[in-house]
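Mind looking over this structure? Questions follow.
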Amino acid sequence: MAELQVVVGVKKLNNQNYNTWSTCITSYMQGQDLWEVVNGTETKQPEAEDNNGILHKWKIKAGKAMFVLKTTVEEDVLEHIRDASNPKEAWDILSTLFSKKNDTKLQLLENELLSVSQKDMTIPQYFHKVKATCREIVELDPDSKIGEARMKRIIIHGLKPEFRSFVTAIQGWATQPSLVEFENLLAG
């Protein structure tokens, strides 16, 4: 039987997918009106109940947000937030745990980027691989912006030999295509 997934289509958070997971979970919580208790204006529990049931409503939202956070992470990650007292604390723990700059991972990604080649990938798969690796590098080190021109050079370097003459022809054009146009030309 398939495992229950609270957020359909989102893989559980593990040591390799924090950026994708956090993007999806943020959007999900915003859509469910839970984000305010995670990282918005309602992160602190109200001190007392009032006539409008503010404390009760906050506890319900916070409970739902904690449920989403705890059920969308792998068991080894859950250990880090198991005792968090509120959704903001849990979110901050995960953010600190996975967002920190990791020089070893950064070096591995740089090496992967410089050695990536199309091999048996389709053009869209290959472009996605290069773009995703570049995005991971920038997320680990925002000072390492990878421009479109560099990305195109990396892509050209790793293309199958059958695309060399086509690339040579494009490089002679007075106006160079954007990365998206370049991908469409190669794929089409």
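The values are calculated or read from the model by the stated rules, or taken from the named source; none is laboratory data. Since we're looking at a predicted model, the values are computed, not measured. Cβ sites come from the backbone with ideal geometry, for glycine too, and all protein chains shown count toward neighbours. Heavy atoms of the whole protein, side chains included, go into the accessibility calculation; ligands, DNA and RNA do not. Shrake-Rupley method; radii C 1.70, N 1.55, O 1.52, S 1.80 Å.
Which members of the range 12-43 meet the condition of being modelled with pLDDT of 90 or more and outside any helix (DSSP H, G or I)?
Hits for the range 12-43 are Lys12, Leu13, Gln32, Asp33, Leu34.
Output the number of the condition that Pro177 fails; it satisfies all remaining conditions of (1) surrounded by fewer than 11 Cβ atoms within 10 Å (Cβ to Cβ); (2) modelled with pLDDT of 90 or more; (3) not in a helix (DSSP H, G or I).
It fails just one condition, (1).
When you check Ser95 against the structure, is it open to solvent by less than 60 Å² (accessible area, probe 1.4 Å) and of a type in the set (Gly, Ala, Ser), yes or no?
On the way: open to solvent by less than 60 Å² (accessible area, probe 1.4 Å): yes; of a type in the set (Gly, Ala, Ser): yes.
Answer is yes for this residue.
List every residue pair whose Cβ atoms sit under 8 Å apart, with the two residues 6 or more apart in sequence or on different chains, where the first one lies in the range 65-88 and is within 14 Å of Asn15 (Cα to Cα) and free of Cβ contacts under 8 Å to residues at least 40 places away in the same chain and the second, anywhere, is open to solvent by less than 90 Å² (accessible area, probe 1.4 Å) and among the basic types (Lys, Arg).
Leu78/Lys70
Filter the range 133-147 down to residues that are modelled with pLDDT of 90 or more and either loosely packed, with under 13 Cβ neighbours inside 10 Å or of a type in the set (Ser, Thr, Tyr) (or both) and give me whichever is nearest to Lys105 (Cα to Cα).
Top of the filtered list is Thr133.
Considering only the range 138-149, I want to know if a residue exists there that is farther than 30 Å from Lys70 by Cα, free of Cβ contacts under 8 Å to residues at least 12 places away in the same chain and not in a loop (DSSP other than H, G, I, E, B). Working first, answer last.
Our first condition is that a residue be farther than 30 Å from Lys70 by Cα; within the range 138-149, this holds for 143-149.
Then drop every residue that is not free of Cβ contacts under 8 Å to residues at least 12 places away in the same chain, which leaves 143, 145, 147, 149.
After this cut, where a residue has to be not in a loop (DSSP other than H, G, I, E, B) as well, the list is 149.
Yes, because at least one residue in the range 138-149 is farther than 30 Å from Lys70 by Cα, free of Cβ contacts under 8 Å to residues at least 12 places away in the same chain and not in a loop (DSSP other than H, G, I, E, B).
Within the range 54-66, is even one residue of a type in the set (D, E, K, R) and modelled with pLDDT under 90? Outline the logic, then answer.
First, the residues of the range 54-66 that are of a type in the set (D, E, K, R): 57, 59, 61, 64.
Adding the requirement that they be modelled with pLDDT under 90 leaves none.
Scanning the range 54-66, I find no residue that is of a type in the set (D, E, K, R) and modelled with pLDDT under 90, so the answer is no.
Among the residues of the range 114-128, is there at least one that is more than 19 Å from the chain's Cα centre (by Cα) and either more than 26 Å from Ile146 (Cβ to Cβ) or basic (Lys, Arg) (or both)?
yes
Would a scan of the range 105-115 turn up a residue that is within 21 Å of Lys12 (Cα to Cα), modelled with pLDDT under 90 and in contact with a Phe, Trp or Tyr (Cβ under 6 Å, 6 or more places away or on another chain)?
Among the residues of the range 105-115, not one is within 21 Å of Lys12 (Cα to Cα), modelled with pLDDT under 90 and in contact with a Phe, Trp or Tyr (Cβ under 6 Å, 6 or more places away or on another chain), which makes the answer no.
Determine which single condition Ile154 fails, assuming it passes every other condition in (1) among the aliphatic types (A, V, I, L, M); (2) at pLDDT 90 or above; (3) open to solvent by 30 Å² or more (accessible area, probe 1.4 Å).
Evaluating Ile154 over (1) among the aliphatic types (A, V, I, L, M); (2) at pLDDT 90 or above; (3) open to solvent by 30 Å² or more (accessible area, probe 1.4 Å) leaves (3) as the failure.
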